[in-house]
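Have a look at the structure below, then the notes.
The values are calculated or read from the model by the stated rules, or taken from the named source; none is laboratory data. These numbers come from a predicted model, not from an experiment. Counting neighbours? That spans all protein chains shown, and the Cβs are built from the backbone with ideal geometry, glycine included. Note: areas computed on protein heavy atoms with side chains; ligands, DNA, RNA excluded. Shrake-Rupley method; radii C 1.70, N 1.55, O 1.52, S 1.80 Å.
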Amino acid sequence: WGIERDWSTDLTSFPGGPAQAYVVVFLDASCPIVTRLAPTLNALNEKYFDRRVQFLGIYSNDGLTRIAMATHKQKLDLALPVYQDLGGRLARKLGARVTPEVFLLDADFKVHYRGLVDDAGWKKTPAAKPETYLDRAIEALLSGGPVPAATRPQGCEMQLPPETRELPKQQLTYF
């Protein structure tokens, strides 16, 4: 079923070999905004794959089963790998509050951008040409330019499990 790693304490354990950047996107199976943004996430994942940007979907909400997570990934046809953050430790470490909130990290795991993917996912009637915050941030990071400022994430409030010192034996699950 998965990989036994606790990313909450060691961000350097991200899979996929050496990447120039990582995009961590928090997902939830019951959030309609995640559903609306799935095609955009797939397109960005494909666009930046050859430039060694690793996209990672993270499910942190309390009570989500592996079956529900895998079903959601399949239903949305998500091309990026997804992981279960049991205990919500990665979400807490990064300060994630809503889904889909994204974090852009460099190769040294320093956060350069956090917030919205774009402004289309959370609007009921998106503009013809959405504001592409994450795309612009990735381009800026890869080119060495200034990364746009963080945006205020909009979405479904995360329901993290209570903080505990002990986690279940299997801490992270990959699909």
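What the table below lists for this structure:
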item	result
Cα-based reach from LYS129 at 22 Å (exclusive), listing lysines while leaving out same-chain residues under 8 positions away	LYS47
Solvent-accessible area per residue for the stretch 68-114 (1.4 angstrom probe, square angstrom)	40
In the stretch 46-125, the chymotrypsin sites (Phe, Trp or Tyr not before Pro) that fall in loop regions by DSSP, at most 16 other Cβ within 10 Å	PHE109
